[in-house]
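Working notes for the structure below.
Coordinate-derived values only; no laboratory data. The structure presented is a predicted model; accordingly, all values stated were derived computationally and were not measured. Here the Cβ positions follow ideal geometry from the backbone for every residue, glycine too, while neighbour counts run over all protein chains shown.
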């Protein structure tokens, strides 16, 4: 049973972003049509930034393609391999590996700087190592455009930019920027779920899919706004996984005498539903938008809907002579 509540819709569209409120005993803040759960940021310090950047780096490598988590100490090797690679396809992969090495080098530097600070050594913001850390993150951000999400469909530039922003701005400002991105992700979850419903709900063989999509989208939005450190995460994650499994187990209803064309439509539709579920999962876990994947999925749904409509017209056209 879902114990976390879906953020209620905004009372009006002209509320300014950042408007706080307490709803059902939960502190929330309004951004772009959504009331998001509020988390207190840590104090703005080098130590807090170190912890945040380390967490963002782990989060990044958790969502991108395999094999690019190259240790910072191998940065020179990664750069040499990238710069000397003549084949474009191989160069893209090696560029992704170089980006990973740059990220890890920046994290290594920041960790050591904080350790020095803890020993009482003052670190100025214009310190040479601080500047190198920033340069590494900036270059990694540029090379991050070569990196694909684990789905293989697109990159997620936002994840590459997050550690650089965390490095460059106060921790509190970084947390505020995350609320904007979460609201954008929730908007896309609603959009994709609506497209799935409109594509399949009116088709008899997919009768019963609408509540499964709605339930999954609902808990996906709750999961998207809930941090892993939140005590509710155990219930929220369990609800999310169960709703995902239930949607994935949906079976189209076919008559025993269904023809091959109907069977193909059912198979294609089921494949599209699973793709939609997986896309919603990727957006939910990354907590950022995936515009290219979303756009292409909506286009596939549009083409499938046209196939279904054409199939219905063909059936009617074939039956017409019998009615005259």
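Building the convex hull from the alpha-carbon atoms of the stretch 101-166 and averaging its projection over directions returns 4.7 nm². With springs only between Cα atoms under 10 Å, which of 215, 235, 87 fluctuates most in a Gaussian network model of the chain? Looking only at 215, 235, 87, the biggest GNM fluctuation is shown by 87. Given the alternatives (i) 46; (ii) 58; (iii) 51, percent of Cα pairs over 26 Å apart as computed for this entry is given by (ii). Mean separation of Cα pairs under 8 Å and 6 or more residues apart, divided by the residue count, gives the chain a relative contact order of 18 percent. Shape summary: the stretch 128-253 maps onto an equivalent ellipsoid whose semi-axes, from the alpha-carbon gyration tensor, are 37, 18, 12 Å in decreasing order. With only Cα atoms counted, the stretch 46-168 has Rg and Dmax values of 14.6, 49 Å.
Using bins of 5 Å that start at zero, the share of Cα-Cα pairs per bin across the stretch 240-283 amounts to 5, 21, 27, 19, 13, 9, 5, 1, in whole %.
Please give the peptides 264-276, 186-198 ranked by average Cβ packing (other Cβ atoms within 10 Å per residue), highest first, as a rough proxy for protection. Before the final figure, lay out the partial values.
On the way: 264-276: 17.6, 186-198: 19.6.
Highest-to-lowest ranking by the protection proxy: 186-198, 264-276.
Stokes-Einstein D for the stretch 170-220 at 10 °C, 1.306 mPa s, Kirkwood Rh over Cα pairs, in µm²/s?
Values: Rh = 12.5 Å.
This corresponds to a translational diffusion coefficient of 127 µm²/s.
A Cα-only calculation for the stretch 180-318 places Rg and Dmax at 16.4, 60 Å.
For 124, 232, 44, the sequence from fewest to most other C-beta atoms within 10 Å is 124, 44, 232.
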